[in-house]
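Engineer: Could you have a look at this structure, given as structure tokens, before my questions?
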Amino acid sequence: MDNIPSTEPVEFMLNVGPQHPATHGVLRLLIDVDGERISQVETHIGYLHRGTEKLCEGETFSQIISLFDRLDYVANFNMEMSYVMAVEKILGLDVPIRAEYIRVVTCELNRIASHLLFYGTLGLDIGAMTPVMYAFREREALQAYFESVSGARMMHNFFRVGGVKEDLPEGFLESLQSYLPKLKQAVQECDQLLTLNDIFLERTKGVGILEKVDAVDFAVSGPNLRASGVEHDIRRTEPYSIYPNLKFSIPTGTNGDSWDRYWVRMQEIQESIFIIEQCIDQIEPGPISGRTRTVIRPPKGEAYVRTESPRGDFGVYLVTEENKEQPYRIKMRSPSFCSLMALETMLQGEYLADAVTILGTLDFIMGEVDR
Amino acid sequence: MSTLLITITQVSILLAFIMVMVLILTYLERKVLARIQMRMGPMRTGPYGILQSLADMMKLLAKEDIRPHGSDRMLFYLAPLFVFVPSFLIWITIPFTRNIVVENLELGLFYIVAVSTVSIVGMVLAGWASGGKYSILGSARSAAQLISYELPLVFVIAGVGILAQSFNLITIVNQQSSIPAIVYQPLGFTIFFVAGLAEVGRIPFDIPHAESEVVGGPFVEYSGIRWSIFFLAEYANTLAIATLSVLLFLGGWSGPLTEHFEWLQPIWLILKVSAILFLIFWIRATLPRFRIDQLMQFAWKILLPLSFVYIMVNATVPFVETVITSNAASNQLTGIAQIILGACQILILFLVAFAISKRRKKYLTHLHQGVPA
Amino acid sequence: MISIFRGLITTLKTTFRRPVTVQYPSTHLPLTPRYMGFPVLTWDFKIQEPYCTGCLVCARVCPTDVITVSMKDNPKAANEESHRRKIVNDFKLDISNCILCGLCVEFCNFDAIIMSDFHEEGSLTRVEQDLPLVTLLDMGKEMQDKGKFTPPPPKKRPPAKAKKDEPATDADPEKQES
């Protein structure tokens, strides 16, 4: 420090991560800080790279499902959904309607769980301790439901090509129906604790604004895009599964700041609850697995499937070869990765403390970014 | 010789007392936070986990003492003492009852303010000496924050002194034997409490060692016993702020029946201090953290002007009273003057709260249509 | 300002609720019937031999290759005590790499492997993480005692394996999932 002339502003590079509590995993940021202001950011990813895309080429179609579980590890059902849909598209399989309902119910439950995790960790990021406990209390209940359905709390391996592994357990829907009001109440409690809190507003309003144009340019999707005011939801624009039968609204923000991103997610929890309630009303007994086989050998072909994961537009590009048990190539398009692309623009000129807020509200999962 | 011995004994008893209090305080904090968050807190060590803080202490003592490469050896080792010693010295003049106090200084409050400022040096030294970037940032933050919040704190203490015509804590408490000062100085209590929270770096003002931003601030590089000394100082300060606000505004040890039973005095003090501590924990569990610029704005634009107003009100009302009643001999306020003073301060508090709420309205107009009210 | 007090009241309300904590090592959360712990092998109490014939389907389908199996001629089949002509010779499950996906159970043609309730199988060395056949069968018996396994209906012959050379068409499902 002796060499630095005292008259010039002292600017130094801060290495945030890969082991930093605010980076939610193993993201590494090189931040040039001028006092508390950020002048330049460099993002480094790849600390959680497991080579999933390459691994998939050596696994059979049934084994790949368990690899997809580990992409976005807080929204496993949604990940499985995309993959399974891609294989079904190549096979030209029709999925029984009950299986679709089961898929949607579990996916939406998982979306709630994921957004609750977002709520809790954002609270921790901006210094509030209790939100994470409230959120995890509810997430715990949701995971108990997942366990009762799939047998695992997180890595479910539940969806199958052409359906789902098992039917819902006895009394599941009734129990879920009685639980949803409690969940609503809990979300309301979370709302009271943080949403309109003065300090929270100060910390998130106008912080990390992502303009509409930038958001579209960076291919940001999901709640982050909707917070910037673009009403774009794959469930609505390219409806898949049984989403055309369901009524739900798409909450959008206006400013594209951190608070909007937070608010959109909190609203999405309500929407997901609404969707699940509709599903519970509509679901009817029936087969849960179509004409599917344990050994899957799809014809030569390729398919691209987009689904709305809790983090946004998750795409799976699948190329298959004739008479092969393994795919030729799988490419995932992960929404978190695109959100991270926008990070550099968003962090420019913000406070160091705001970097934490912005990282929190972008709600990326490194497992999905690095793959 | 014997006086020296007595002093040494007193001081060591005080030191042991603070250590024990800090152990109890950490346990209580964890328990209270846990209850607020519907957890149980420590349950494993001893019944209901009461030995948890003891176990923590043992672990910290047994931990390896690491000094990072590139740190300044001497300052790195000295910094914890710079932080801890002032926070301990404060306690010398804090009375626990009318008679139990190590040194009843005539300028006790002045002494507390003077000594507690020194700990800023320790914070800055700790950050600088460890040679880490996070610690530098943390120490810069803590220097800025502590200096800013020192001012409103000092002004409030001055205001209290003006009203009491004394800087002696025992005198101040004795004057509140009938009515606690918070009744006619709500503004003073609020400023003191908020500035005190910031002074000890608790949520929402824990910016110097924000875990999610600078990962512990000035103490990042410290471990084991040295880190525990910082920790000790922080909790001793928290306790000191809670005790001071009780002594200055909540009537200290005075309470029902204390006139007849001397032994009730410390119990009343402990009860009141616990209430303030619960308030501190409760706030910690509820609120998020400010950003550094918002913190500064809050200090210089809201708290400092408020404390000026507070001093002015505190000086004017007794002056007017003496002019009207021409009764200069008594330094105690009459009941009517107290009511007027209290009314003035509550009015000011409401005005400020109203102004802040107005700002919130401004935010709300930016919000969307469907926002829950 | 009001919102801050609202938040304080919210936290105060939850202070007087019952804690949701479960004191883990002393009390466990109840496991759901479908809970997937480590896979274990089942025991045919009628014939006193494992259901497993060592057909290698589970080893082949395992995504992480944690299963090692070998097969031998069943001595009991020679004197007509058992319908299994082949029986498992050796079985090893490396639970340190097992991802609990349940694929082995799903693909097994003989209901010889089930997902157990065992999930706290930590050990100090890696060698202990390799569960041998005896241990797996013992764990399986424990699960069977708990009633987690319904024996398959008696079959005359084990079902035929998947034909390999036939090109895939969706019309003929080889195994219907139910």
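The values are calculated or read from the model by the stated rules, or taken from the named source; none is laboratory data. The shown structure was predicted, so the numbers you read here are calculated from the model rather than taken from an experiment. Neighbour counts are summed over all protein chains in view; Cβ atoms, including those assigned to glycine, are modelled from backbone coordinates with ideal geometry. For accessibility, only protein heavy atoms count, side chains too; no ligands or nucleic acids. Shrake-Rupley method; radii C 1.70, N 1.55, O 1.52, S 1.80 Å.
Engineer: Hey, can you find the accessible area per residue of chain C for me, probe 1.4 Å, expressed in square angstrom?
Structural biologist: On the way: 10480 Å² over 178 residues.
I get 59 Å² per residue for this part.
Engineer: Still on this structure: Could you sort B:H69, C:H119, B:H260 by accessible area so the largest value comes first, with the probe set to 1.4 Å?
Structural biologist: Per-residue accessible area, sorted high to low, gives B:H69, B:H260, C:H119.
Engineer: Span-like helices, chain A: DSSP H, alpha-carbon axial extent 15 Å or more, mean Kyte-Doolittle 0.0 or greater, which ones?
Structural biologist: A:76-91, A:97-125, A:352-362
Engineer: Name the helices (complete DSSP H segments) of chain B with a Cα length along the long axis of 27 Å or more and a Kyte-Doolittle mean of at least 1.0, or state none. Display every interim value, and only then the final one.
Structural biologist: Working: long enough: B:2-36 (50 Å, 1.68); B:133-164 (46 Å, 1.17); B:224-249 (37 Å, 1.35); B:264-286 (33 Å, 1.66); B:304-325 (32 Å, 1.48); B:335-366 (47 Å, 0.97).
What comes out of the filter, once short or polar helices are dropped, is B:2-36, B:133-164, B:224-249, B:264-286, B:304-325.
Engineer: Here is a further query. Post the alpha-carbon centroid distance, segment C:29-72 to segment A:102-125, in whole angstrom.
Structural biologist: With segment C:29-72 and segment A:102-125 each reduced to a Cα centre, they are spaced 34 Å.
Engineer: Restricting to DSSP loop positions (anything but H, G, I, E, B) with no more than 15 other Cβ atoms inside 10 Å of their own Cβ, which trypsin sites (Lys or Arg not before Pro) remain in segment B:1-56?
Structural biologist: Hits after loop and neighbour filter: B:R44.
Engineer: Given the options C:P39, C:P63, C:P152, state which has the largest fluctuation in a GNM of chain C using a 10 Å cut-off (strictly under) for Cα springs.
Structural biologist: Of C:P39, C:P63, C:P152, the Gaussian network model singles out C:P152 as fluctuating most.
Engineer: Round to the nearest 10 and report in Å² the accessible area of A:H24, as given by a 1.4 Å probe over the protein chains' heavy atoms.
Structural biologist: Taking all protein chains as shown, A:H24 has close to 50 Å².
Engineer: Now a separate question. Can you give the convex hull volume per residue for the Cα atoms of chain A, as a whole number of Å³?
Structural biologist: Spelled out: Cα convex hull of chain A, divided by residues, is 134 Å³.
Engineer: Computing the accessible area with a 1.4 Å probe over protein heavy atoms, can you report the carbon and sulfur percentage for the protein assembly as shown? Working shown, then result.
Structural biologist: Working: 24520 of 39320 Å².
That fraction is 62 percent.
Engineer: Classify segment A:16-134 from the C-alpha gyration tensor, please: rounded if a/c falls under 1.5, else prolate or oblate depending on whether a/b exceeds b/c.
Structural biologist: Oblate, since a/c reaches 1.5 and b/c is not below a/b.
Engineer: Now a separate question. Helix C:133-145 sits at what angle to the longest principal axis of chain C, using alpha carbons and giving 0 to 90 degrees rounded to 10?
Structural biologist: Taking Cα atoms only, the helix is inclined about 70 degrees.
Engineer: List for segment A:95-130: residues with 40 Å² or greater reduction in accessible area, all protein chains versus chain alone, probe 1.4 Å?
Structural biologist: For segment A:95-130, once contacts with the other chains are taken into account, A:G127, A:M129, A:T130 lose 40 Å² or more.
Engineer: Moving to a separate point now. How would you classify segment A:269-371 from its alpha-carbon gyration tensor, with a ≥ b ≥ c the square roots of the eigenvalues: rounded for a/c under 1.5, else prolate if a/b is greater than b/c, otherwise oblate?
Structural biologist: Oblate, since a/c reaches 1.5 and b/c is not below a/b.
Engineer: Moving on. Could you work out which residue, out of B:Q145, B:Q265, B:Q37, moves most in a Gaussian network model of chain B, that is, has the largest mean-square fluctuation with Cα springs under 10 Å?
Structural biologist: B:Q37
Engineer: Shape of chain B from its Cα gyration tensor (a ≥ b ≥ c, root eigenvalues): rounded if a/c is under 1.5, otherwise prolate when a/b > b/c, or oblate?
Structural biologist: oblate
Engineer: Would you please name the chymotrypsin sites (Phe, Trp or Tyr not before Pro) within segment B:236-286 that are DSSP coil residues with at most 15 other C-beta atoms within 10 Å of their C-beta? Show your work: numbers first, answer last.
Structural biologist: Values: sites: B:F249, B:W253, B:F261, B:W263, B:W268, B:F278, B:F281, B:W282; in loops: B:W253, B:F261, B:W263.
When the chymotrypsin sites (Phe, Trp or Tyr not before Pro) of segment B:236-286 are filtered for loop state and at most 15 Cβ neighbours within 10 Å, B:F261, B:W263 remain.
Engineer: When the dipole is taken about the Cα centre of segment B:1-62, and only Lys, Arg (+1) and Asp, Glu (-1) are charged at their Cβ, what size is it in debye, to the nearest 20? Mind showing how you got there, number by number?
Structural biologist: On the way: 6 positive and 2 negative charges, 65 e Å.
Using only the charged Cβ atoms, the result is roughly 320 debye.
Engineer: For the B and C pair, go ahead and give the buried accessible area with a 1.4 Å probe, both sides summed, in Å² to 100.
Structural biologist: Summing both sides, the interface buries roughly 1700 Å².
Engineer: At a probe radius of 1.4 Å, figure out the A/B buried accessible area, summed over both chains, and give it in Å² to the nearest 100.
Structural biologist: 3700
Engineer: Per residue, what volume in Å³ does the Cα convex hull of segment A:10-64 take up?
Structural biologist: Numbers: hull volume 4.9 nm³, N = 55.
Given the Cα convex hull of segment A:10-64, per-residue volume reads 90 Å³.
Engineer: In addition: In Å² (nearest 100), what accessible area is buried between A and C, both sides summed, heavy protein atoms only, 1.4 Å probe?
Structural biologist: Working: alone 15710 and 12990 Å², together 25200 Å².
Protein heavy atoms only, the A-C interface buries about 3500 Å².
Engineer: Which whole-number percent is the relative contact order of segment A:15-61 (Cα, under 8 Å, 6+ apart)?
Structural biologist: 26
Engineer: In segment B:26-45, what residues drop by 30 Å² or more in accessible surface going from the chain by itself to the full protein assembly, probe 1.4 Å?
Structural biologist: Those are B:R35, B:I36, B:Q37, B:M38, B:R39, B:M40, B:R44, which lose 30 Å² or more relative to the chain on its own.
Engineer: Which of C:S123, C:S26, C:S82 moves the most in a Gaussian network model of chain C with Cα springs under 10 Å?
Structural biologist: Evaluated over chain C, the most mobile residue of the options is C:S26.
Engineer: Skip the ligands, DNA and RNA, and give the accessible area per residue of segment A:51-334 with a 1.4 Å probe, whole Å².
Structural biologist: I get 30 Å² per residue for this part.
Engineer: So with the 1.4 Å probe, I'd like the accessible area per residue for chain B, rounded to whole Å².
Structural biologist: Counting only protein heavy atoms, the per-residue value for chain B is 44 Å².
Engineer: Considering the protein assembly as shown, which cysteines have no disulfide-compatible partner, defined as another cysteine with its Cβ under 4.7 Å away?
Structural biologist: A:C56, A:C107, A:C190, A:C279, A:C338, B:C344, C:C52, C:C55, C:C62, C:C98, C:C101, C:C108
Engineer: Suppose every K and R has +1 on its Cβ and every D and E has -1 on its Cβ; what is the size of the dipole of chain A about the Cα centre, in Debye to the nearest 20?
Structural biologist: About 1240 debye.
Engineer: Also, quick follow-up: Counting only other chains, and only Cβ atoms inside 10 Å, what mean value do you get across the residues of B:278-286?
Structural biologist: On the way: counts 1, 1, 0, 0, 4, 4, 5, 11, 17.
What the average comes to for B:278-286 is 5.
Engineer: OK, next. What's the ranking of A:117-127, B:286-296 by average number of surrounding C-beta atoms within 10 Å, highest first?
Structural biologist: A:117-127, B:286-296
Engineer: Still on this structure, please answer the following. Using only atoms on other chains, find how many Cβ atoms lie within 10 Å of each Cβ of peptide C:98-106 and report the average.
Structural biologist: Numbers: counts 0, 7, 5, 11, 8, 7, 0, 1, 6.
Taking the mean over all residues of the peptide, I get 5.
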